[in-house]
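See below for the structure under consideration.
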Amino acid sequence: MKKIEAIIKPFKLDDVKNALNELGIQGMTVTEVKGYGRQKGHTEIYRGAEYVVDFVPKIKLEVVVAAEMTDKVVDAIAQSALTGKVGDGKIFVMPVEQAVRVRTGEKGKDAI
Amino acid sequence: MKKILLVPVALLLSVLPAFAEEAVLDTGDTAWIIVATALVMMMTPAGLALFYGGMSRSKNLLNTYAMTFAAYCLASLVWVCWGYTLAFGPDKGGIIGGLDHLFLNGIGIDTLSGTIPASVFALFQLTFAGITVALVLGSVVDRMKFSAWLVFCLLWLTFVYSPVAHWVWGGGWMAEMGALDFAGGNVVHINAGIAGLVLALMLGKREGYGKEAMFPSSVSLTALGAALLWFGWFGFNAGSALGANGLAGSAFLVTNTSAAMAGMAWMFAEWIVSKRPTLLGLASGVVAGLVAITPAAGFVNLPASLVIGLVAGVLGFYSVAVLKHKLGYDDSLDAFGVHGVCGIWGALATGLFANPVISGASGLLYGNPGQLWIQAISIVATIAFTAVATLIIVYVTRLITGGLRVSREDEMMGLDNAIHGERAFELD
């Protein structure tokens, strides 16, 4: 099993979710995060006091899949999250040791 | 027959002159001033609290709000106990009012002040005291002990607000001198602005001021607060005519005009200088315009209010966005920058633009340059008195509460948590 972690632009979440659903991925976890890479932040101004805000809002999407599905899922995310502009995000893959479905107690691949 | 008629006629004639001079209750005036009082009341715990609260950092929003709310409550009590009599009691040497009306003694159901009940007049004036002291906190948000604030309010209302109100409106020396202050340029805005500056200098700057980003918790709340202030200000200025009449109508007109003009002026000034027209700037400009027209509202005509608003907007923007940063003091929410500076402009503008057609007083542009000089004297005297008196009150408060400022840890944690044990927002 592999965990795929993707940092994407918030407005791309729907496209990515739909692409994953088409692949048969039925669940995921989504968190609102802040970050920056090469995309610059913005400035805010309050009565003449100008602040540079480095961090840009992003969405972190986590999904655990069977190892065989990894490449298909990564490609689906990469294509659906793409805009071609700086700040599109990154995708990371890491190994998962164990998974358990709480309701039934199923373990391993049956749990995901 | 003639002799018998002479007696009742003589009696009637002897009584008539007395009747002709005595003021009679006017229901229209009374209704209006009751409403105006309610409008001004709303300006403090709603308008100003939101205006200031929205500009405070979110960890201190409730503290700012609570300071404003509590200030109004304290003013309500101080005023009816001894504030009113100190301000409006029989004049003692032009300096202060006598204690004849301690606890509003002598003011009964039928007691009149002009054409309105004295109780209504007293309450109307109460709302002015409330907002004046509340304005001061704008200079010191994020770092003052709540207990120190409460003690400060009590002392300041008694020893600074009441005397100045007496000088200008209670028949004191400034009124004798002929200083013009329709609704509170000296009494409210210059007074509070200077006190705020003194308090800010005595408290010191916020931790991280000038280095850390200090975001307002909600410009939306601030804009809402500004709109409520604008609405309430109609009671503030038009109500100061103390009657439902043409003068109130005139004050109403110039108030709205100055506010709108100043809002646009600040917005455009910011657009040009900082490249962005901010909502905070628009809302702030409106308040600056309202401040500036306050002393002038019952003395100037429409064209004058356009000029007053224009200058107020630009001046306000300059003093807040440029001057403050240059001089380096932490007048956190610009009580001095907006109320002090624009109040001074308004008081001087009154000396320039006072138009005899409006209410009999003439300024420089109508052939009476002496008025400008009188305004200047009243401004300097208010500044000097308030600065010194506030300083003394700060020292006394410090003694009573063992310091004015919260601990560094509390300041870092946020006063909503540290002092009040509350959170402004419950966000998922």
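What follows is calculated from the coordinates using simple rules that are stated; it is not laboratory data. Bear in mind that the values here come from a model prediction, so they are computed numbers and not experimental data. Note: ideal-geometry Cβ built from the backbone for every residue, glycine included; neighbour counts use all protein chains shown.
Of B:ALA262, B:ALA75, B:ALA118, the residue with the greatest mean-square motion in the GNM of chain B, using alpha carbon springs below 10 Å, is B:ALA118. Working note: 222 nm ellipticity from helices only, DSSP H runs with n ≥ 4, each -39,500 (n - 2.57), summed and divided by the residues of chain B, gives -20000 deg cm²/dmol to the nearest 500.
In order along the stretch A:30-37, the Karplus-derived 3J(HN,Hα) couplings, from 6.51 cos²θ - 1.76 cosθ + 1.60 at θ = phi - 60°, round to 10, 10, 8, 10, 10, x, 7, x Hz, and Gly and Pro are given as x.
Of the residues B:LYS275, B:LYS145, B:LYS92, the one that moves most in a GNM of chain B with alpha-carbon contacts below 10 Å is B:LYS275.
Of B:GLY421, B:ALA226, B:THR111, which is farthest on the positive side of the dipole of the protein assembly as shown, counting Cα position, with +1 on Lys and Arg Cβ, -1 on Asp and Glu Cβ, and the Cα centre as origin? Sorting the options by dipole projection puts first B:GLY421.
Other residues lying with their Cβ under 13 Å from the Cβ of A:ALA66 contribute a combined charge of +1, Lys and Arg counting +1, Asp and Glu -1. Structure remark: mean-square fluctuation, Gaussian network model of chain B, C-alpha springs under 10 Å; the largest value among B:VAL406, B:VAL35, B:VAL24 belongs to B:VAL24. If you plug the beta carbon distance of A:GLU5 and B:PHE159 into 1/(1 + (r/R0)^6) with R0 = 60 Å, you get a FRET efficiency near 0.40. Each Lys and Arg adds +1 at its Cβ and each Asp and Glu adds -1 at its Cβ; summed about the Cα centre, the stretch B:222-375 shows a dipole of about 200 debye.
Based only on Cα atoms, what Rg/Rh ratio does the stretch B:285-369 have, Rh being taken as Kirkwood's radius?
On the Cα set of the stretch B:285-369, Rg over Rh gives 1.06.
When the helices of chain A are scored as -39500 (n - 2.57) per DSSP H run of n ≥ 4 and the total is divided over every residue, the value at 222 nm lands at -6000 deg cm²/dmol. When B:ARG408, B:ARG206, A:ARG103, B:ARG398 are arranged by Cβ crowding within 10 Å, least crowded first, meaning fewest neighbours, the order is A:ARG103, B:ARG408, B:ARG398, B:ARG206. Stretching A:TYR51 away from A:VAL30 to a fully extended chain increases their span by 4.7 nm, per 0.36 nm per residue minus the current alpha-carbon distance. Taking other C-beta atoms within 10 Å as the exposure proxy, B:ILE272, A:ILE77, A:ILE4 rank B:ILE272, A:ILE4, A:ILE77 from fewest upward.
Per residue of peptide A:37-47, the mean number of Cβ atoms on other chains within 10 Å of the residue Cβ is 4.
Ignoring aspartates and glutamates fewer than eight residues from A:LYS34 along the same chain, the ones with Cα atoms less than 19 angstrom from its Cα are A:GLU5, A:ASP14, A:GLU44, A:ASP54, A:GLU62, A:ASP88, B:GLU212, B:ASP428.
Charges on Cβ only, +1 for Lys and Arg, -1 for Asp and Glu, centred on the Cα centroid of the protein assembly as shown; of A:ILE8, B:LEU126, B:GLY98, which one is farthest towards the dipole's positive end? Toward the positive end, the furthest listed residue is A:ILE8. From the P(r) of the stretch B:28-420, can you give the percent of Cα pairs sitting at distances over 28 Å? Distances greater than 28 Å cover 40 percent of the Cα pairs. Annotation: for a label point projected 7 angstrom from Cα along Cα→Cβ of B:LEU102, residues of the stretch B:68-89 with backbone N closer than 11 Å are B:82. Within chain B, the longest segment free of exposed loop sites, counting GluC sites (Glu not before Pro) that fall outside DSSP classes H, G, I, E and B and have at most 14 other Cβ atoms within 10 Å, spans B:213-421. Listed values for the stretch B:161-169 are Karplus-derived 3J(HN,Hα) couplings in whole Hz (6.51 cos²θ - 1.76 cosθ + 1.60, θ = phi - 60°), namely 4, 4, x, 5, 4, 5, 4, 8, 10, and x replaces Gly and Pro.
Can you flag which of A:LYS2/A:LYS107; A:LYS58/A:LYS90; A:LYS2/A:LYS40; A:LYS40/A:LYS90; A:LYS40/A:LYS85; B:LYS205/B:LYS275 are past 20 Å Cα-Cα?
Among A:LYS2/A:LYS107; A:LYS58/A:LYS90; A:LYS2/A:LYS40; A:LYS40/A:LYS90; A:LYS40/A:LYS85; B:LYS205/B:LYS275, the Cα-Cα distance tops 20 Å for A:LYS2/A:LYS40; B:LYS205/B:LYS275.
Taking the Cα atoms of the stretch B:62-166, the ratio Rg/Rh between the radius of gyration and the Kirkwood radius comes to 1.02. Assuming charge only on the beta carbon of Lys and Arg (+1) and of Asp and Glu (-1), the dipole of the protein assembly as shown about its Cα centre is about 900 debye to the nearest 20. With the charge dipole of the stretch A:2-111 set up from +1 on Lys and Arg Cβ and -1 on Asp and Glu Cβ about the Cα centre, the Cα lying farthest toward the positive end among the listed residues A:GLN26, A:GLY89, A:ALA99 is that of A:GLY89. Starting from the Kirkwood radius over alpha-carbon pairs of the protein assembly as shown, derive D by Stokes-Einstein at 37 °C in a medium of 0.692 mPa s and give it in µm² s⁻¹. In µm²/s, the coefficient rounds to 124.
Report, as a whole number in µm² per second, the diffusion coefficient that Stokes-Einstein gives for the stretch A:2-111 at 20 °C and 1.002 mPa s using the Kirkwood radius over alpha carbon pairs.
Reported coefficient: 138 µm²/s.
Evaluated on the stretch B:157-270, the Kirkwood hydrodynamic radius is 17.1 Å, with distances taken between all distinct Cα atoms.
Label separation (B:ILE392 vs B:PHE231): 4.1 nm, computed from points 7 Å beyond Cα along the C-beta direction. For A:VAL56, the residues 5 or more places off, or on other chains, whose built amide H falls under 5 Å of its own are A:GLY35, A:TYR36. The stretch A:76-112 and the stretch B:302-322 have Cα centres lying 58 Å from one another.
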